[in-house]
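J.: One structure, as structure tokens, below. Some questions next.
The values are calculated or read from the model by the stated rules, or taken from the named source; none is laboratory data. From a predicted model like this one, the values you see are computed outputs, not experimental measurements. Every residue, glycine as well, gets a Cβ built from its backbone with ideal geometry; the counts of neighbours run over all protein chains shown. Surface areas here come from the heavy atoms of the whole protein model, side chains and all, with no ligands, DNA or RNA. Shrake-Rupley method; radii C 1.70, N 1.55, O 1.52, S 1.80 Å.
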Amino acid sequence: MAKVLLLQGNQACAEGAIAAGVTFFAGYPITPSTEIAEIMAKRLPEVGGKFIQMEDEIAGIGAIVGASLTGKKVLTATSGPGFSLKQEFIGYATIAEVPIVIANVQRVGPSTGQPTAPAQGDMMQARWGTHGDHPVIALTPASVPECFTLTIKAYELSEKYRMPVLLMLDEIIGHMREKIEIPDYDTIEKPVRKGPRVGPNEFKAYEPDSDGVPPMADFGTGYRYHVTGLVHDETGFPNGSPAATEKLLKRLHEKVERDIDNITMYEEYKLDDAEIAIVTYGGTARSAYAAIDMAREEGIKVGMFRLISVWPFPEKEIAQLAQKVKVIVVPELNYGQMVGEVKKAAEGKVPVKPMSKYDSEPISPKELLAFVKNL
Amino acid sequence: MEKLIEKYYRPRLPHIWCPGCGNGIVTSSIIKAIDKLGLDQDKTVIVSGIGCSSRASGYLNFDTVHSLHGRALPVATGIKLADPELNVIVITGDGDGTAIGGNHFIHTARRNINLTVILFNNNIYGMTGGQYSPLTPTDSKATTAPYGTLERAFDIAELAKAAGATYVARGTAFHANMLVDVIAKGISHDGFSLIEAVTQCPIYFGRQNKKGDASAMLKTQRDNAVTVEAAKKLSPEQLEGKFKIGVLHQSEAPEYTKQYQGIIDRAQKGAK
Ligand SMILES: Cc1ncc(C[n+]2csc(CCOP(=O)(O)OP(=O)(O)O)c2C)c(N)n1
Ligand code: SF4
């Protein structure tokens, strides 16, 4: 039975994971993400799943990589400093093609920063935090209900493309309470992992289908394959030849690029006749809705392009937007991160104005309205 | 032996190890222990970190993970907890397991999760070319200790025991049959098992410290190792400079994954 509840964003994320079929969580507490771990510690055993509090963030992500290899859907949650510690394993899961989901509830940084204050300062860490060239899928919810649905979506994507998916919350969204209608979990389609269609003798662990994604066998089922973070051939065995290196890295990028239209998610709000576009995401988008409504009352034609998938960045859509409007404003809770991507995509066709705030306070609708009026 | 090679090794030659390296002997001891116990090959997982010794996972015909430097134990913990039916064996080096992975090591031992860890102790970082490790004896030469190491070495067996490991043993590449035996006992043991496998790196530790070639290093293992039983009859003076081999510690404690099943039962009773 569907239920209407008042939940926190973090709670909705945890419940979304359970609804998606997650049965394993490993992590290390850090504000403002801790509620996710606490809820999973209570909820997972109820559904026959397992929770373990590891000795640090690296161990947390290491354990979910291991659990995922046995066929489980897995989650870890953290905030900025912990996200940094997890980066090496994020890269590992990317090259070894192990589906995992990581929720990063952002707080002010660098370093220990301001643990309880909101920020959106890890957007580039999400993109470039680990080393090497690699694709990234990162989603950013802007409401409690969206924490639930995007978490389920994260599993769909991570299982489909066999890679880490990052849920980039911010403290506003993680700690905000909102009404949410939660469906009966039995009615929710559980994302499925593509399993092998050949027997163990013919199985090559990293031989891709035409979609660029290799079917994945669960450990313990007789396929006996090798998983490594080294560049490898289709059997999974290390092979550092230039040809094998290029082939693997290209495939990792292309399995995401070729499907970019299916991955890209955004919302347009009052954008049809807009002359000013606000491109924003997460908690900051909340203020943008209100600011746009206030501006409209004053006859200012403003609309919003809300990023839901931030990585891969919707370059094409932003390029089109740049053809349509007179100016783009990018409010975000950092010194300027996604604004750089917007500028790149706009290619100088339209002025792109950052509205950066980094004093540990959210951007208020009034501030945003004032900024727009001052353009 | 040929039968074992065909059954348990992937056809992946040549391997990356130097001539005279002890890693092959230790690896084959692991295989012989697995064979001796008749473990189901499809239900046995081998997880390693990064280093020369950690490359062994790739050569073995099981579900295998060559994880990150120092991080084999968290990955193994995830596998074992997610599917307690699996036998999970960890291969790690002295640097991998006790330096970068030191914190994971003590906590995994403390949880007493049913994993078998074989720590290849060659006293040096082999893969990166001979830097000192936490198991390098004091006053040894290493590329990062050209004047000799200042640091005191861990006794990894004592550390494991203090951290809560319920099975601790030591063997050497020279005493290969005995190594098979202590590994097999560790795999059979229900809880966290550490087996320190003393092995030779003639290329980096050996050369820098004038320990001779591989055969000389194997002889040193022979001459300095004293079985636990024999050690009981020797005085502290006689034991000076020697190390013990065999089962060093065994105790009983609740095993983590079994305990966790109790949590599930409690939670499900509460939820109903
Ligand atoms: C995070 C990280 N730091 C450093 C390295 C480089 N590295 C690879 S193997 C190794 C040491 C291996 O030594 P040990 O564990 O003793 O294994 P051995 O090669 O001697 O078998 C180091 C430092 C790495 N791969 N990753
Ligand atoms: S460097 Fe040392 S440990 Fe590594 S393969 Fe060579 S002999 Fe073995």
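J.: Looking at the range B:1-15, which of the residues that are exposed (fewer than 13 other Cβ atoms within 10 Å of the Cβ) and farther than 20 Å from B:Ala33 by Cβ is modelled with the lowest pLDDT?
T.: B:Leu13
J.: Looking at B:Ala56, B:Ala72, which is the one that is within 14 Å of the chain's Cα centre (by Cα), within 26 Å of B:Thr257 (Cα to Cα), in contact (Cβ under 8 Å) with a residue 24 or more places away in the chain and within 13 Å of chain A (Cβ to nearest Cβ)?
T.: None of the other options fit; the residue is B:Ala72.
J.: Of the residues B:Ser53, B:Ser57, which single one is open to solvent by less than 20 Å² (accessible area, probe 1.4 Å), touching a helix residue (DSSP H, G or I) at 6+ places or on another chain (Cβ under 7 Å) and within 16 Å of ligand 2 (Cβ to nearest atom)? Walk me through how you get there before you give the answer.
T.: On the way: B:Ser57 fails: touching a helix residue (DSSP H, G or I) at 6+ places or on another chain (Cβ under 7 Å).
On inspection, the qualifying residue turns out to be B:Ser53.
J.: How about the range B:1-38: which of its residues are within 14 Å of another protein chain (Cβ to nearest Cβ), away from ligand 1 (no atom under 16 Å from the Cβ) and not in a helix (DSSP H, G or I)?
T.: Once the filter is applied, which keeps residues that are within 14 Å of another protein chain (Cβ to nearest Cβ), away from ligand 1 (no atom under 16 Å from the Cβ) and not in a helix (DSSP H, G or I), the range B:1-38 yields B:Tyr9, B:Arg10, B:Pro11, B:Arg12, B:Leu13, B:Pro14.
J.: Of these, B:Val168, B:Val180, which one is under 26 Å from B:Gly78 (Cβ atoms) and either in a loop (DSSP other than H, G, I, E, B) or more than 16 Å from ligand 1 (Cβ to nearest atom) (or both)? Steps first, answer last, please.
T.: Numbers: B:Val180 fails: under 26 Å from B:Gly78 (Cβ atoms).
Matching residue, one of B:Val168, B:Val180: B:Val168.
J.: Could you tell me whether the range B:190-201 includes any residue that is open to solvent by 50 Å² or more (accessible area, probe 1.4 Å), touching a residue at least 40 places away in the same chain (Cβ under 8 Å) and more than 13 Å from ligand 2 (Cβ to nearest atom)?
T.: yes
J.: Testing B:Ala184 on (1) within 26 Å of B:Val228 (Cβ to Cβ); (2) surrounded by fewer than 18 Cβ atoms within 10 Å (Cβ to Cβ), one condition comes back false. Which one is that?
T.: (2)
J.: Would you mind telling me which numbered condition in (1) open to solvent by less than 30 Å² (accessible area, probe 1.4 Å); (2) within 14 Å of chain A (Cβ to nearest Cβ) B:Ile100 fails?
T.: Going through (1) open to solvent by less than 30 Å² (accessible area, probe 1.4 Å); (2) within 14 Å of chain A (Cβ to nearest Cβ) one by one, B:Ile100 breaks only (1).
J.: Something else about it: Find the residue count for the range B:77-93, including only residues that are touching a residue at least 40 places away in the same chain (Cβ under 8 Å) and away from ligand 2 (no atom under 16 Å from the Cβ). Full working, then the answer.
T.: Step one: filter the range B:77-93 for residues touching a residue at least 40 places away in the same chain (Cβ under 8 Å), giving B:80-81, B:84-93.
Checking the rest, the ones that are also away from ligand 2 (no atom under 16 Å from the Cβ) come to B:80-81, B:84-90.
The number of residues fulfilling the criteria is 9.
J.: Which one of the conditions (1) touching a helix residue (DSSP H, G or I) at 6+ places or on another chain (Cβ under 6 Å); (2) within 14 Å of chain B (Cβ to nearest Cβ); (3) of a type outside the set (D, E, K, R) does A:Ala14 fail to meet, given that it meets all the rest?
T.: (2)
Yes or no, residue by residue, for (1) surrounded by fewer than 16 Cβ atoms within 10 Å (Cβ to Cβ); (2) closer than 18 Å to A:Val310 by Cα:
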residue	(1), (2)
A:Ala96	no, no
A:Ala117	no, no
A:Gly129	no, yes
A:Glu159	no, no
A:Leu166	no, yes
A:Val198	yes, no
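J.: A further question on this structure: Which members of the range A:17-38 meet the condition of being within 24 Å of A:Lys190 (Cβ to Cβ) and within 13 Å of another protein chain (Cβ to nearest Cβ)?
T.: If the condition is that a residue be within 24 Å of A:Lys190 (Cβ to Cβ) and within 13 Å of another protein chain (Cβ to nearest Cβ), then A:Ile18, A:Val22, A:Thr23, A:Phe24, A:Phe25, A:Ala26, A:Gly27 are the ones that fit.
J.: Sticking with this one: With A:Ile182, A:Ile260 as the choices, which residue is modelled with pLDDT of 95 or more and within 30 Å of A:Ala290 (Cβ to Cβ)? Give the derivation first.
T.: Numbers: A:Ile260 fails: within 30 Å of A:Ala290 (Cβ to Cβ).
After applying the criteria, what remains is A:Ile182.
J.: Continuing with the same structure: Test A:Val342 against the stated conditions and say whether it is in a strand (DSSP E or B) and under 24 Å from the mean Cα position of the chain (by Cα).
T.: Judged against the criteria, A:Val342 is not a match.
J.: Determine which member of the set A:Ile58, A:Ile52 is farther than 23 Å from A:Val144 by Cα, within 8 Å of chain B (Cβ to nearest Cβ), buried (at least 24 other Cβ atoms within 10 Å of the Cβ) and touching a strand residue (DSSP E or B) at 6+ places or on another chain (Cβ under 9 Å). I'd like the intermediate steps shown before the answer.
T.: Working: A:Ile58 fails: touching a strand residue (DSSP E or B) at 6+ places or on another chain (Cβ under 9 Å).
Checking each option against the conditions leaves just A:Ile52.
J.: Where residues in the range B:65-105 are small (Gly, Ala, Ser) and near ligand 1 (Cβ under 9 Å from one of its atoms), which of them is farthest from A:Leu85 (Cα to Cα)? Don't jump to the end; show me each part of the working.
T.: So the first thing to find is which residues in the range B:65-105 are small (Gly, Ala, Ser), and the list is B:67, B:70, B:72, B:76, B:78, B:82, B:93, B:95, B:97, B:99, B:101-102.
Narrowing further to those that are near ligand 1 (Cβ under 9 Å from one of its atoms): B:70, B:93, B:95, B:97, B:99, B:101.
Numbers: B:Gly70: 13, B:Gly93: 22, B:Gly95: 20, B:Gly97: 18, B:Ala99: 17, B:Gly101: 14 Å.
Restricting to residues being small (Gly, Ala, Ser) and near ligand 1 (Cβ under 9 Å from one of its atoms), the top hit is B:Gly93.
J.: It is to be established whether one or more residues within the range B:108-128 are surrounded by fewer than 23 Cβ atoms within 10 Å (Cβ to Cβ), more than 16 Å from the chain's Cα centre (by Cα) and within 27 Å of B:Ala176 (Cα to Cα).
T.: yes
J.: A further question follows. Sort out which residues of the range A:279-305 are crowded, with 24+ Cβ neighbours inside 10 Å and touching a residue at least 60 places away in the same chain (Cβ under 8 Å), and write them in order of number.
T.: Matches in the range A:279-305: A:Val279, A:Tyr281, A:Gly282, A:Gly283, A:Thr284, A:Ala285, A:Ala288, A:Ala291, A:Val302.
J.: Filter the range A:24-40 for residues that are within 18 Å of B:Pro74 (Cβ to Cβ) and of a type outside the set (Phe, Trp, Tyr) and give the result.
T.: Scanning the range A:24-40 gives A:Ala26, A:Gly27, A:Pro29, A:Ile30, A:Ala37, A:Met40.
J.: Within the range B:197-210, does at least one residue satisfy the condition of being in a strand (DSSP E or B), more than 14 Å from chain A (Cβ to nearest Cβ) and either touching a His at 6+ places or on another chain (Cβ under 6 Å) or within 16 Å of ligand 1 (Cβ to nearest atom) (or both)?
T.: For the range B:197-210, residues in a strand (DSSP E or B), more than 14 Å from chain A (Cβ to nearest Cβ) and either touching a His at 6+ places or on another chain (Cβ under 6 Å) or within 16 Å of ligand 1 (Cβ to nearest atom) (or both): present.
J.: If you scan the range A:67-88, which residues turn out to be within 7 Å of chain B (Cβ to nearest Cβ) and over 23 Å from A:Ile152 (Cβ atoms)?
T.: A:Glu88, the sole residue that qualifies.
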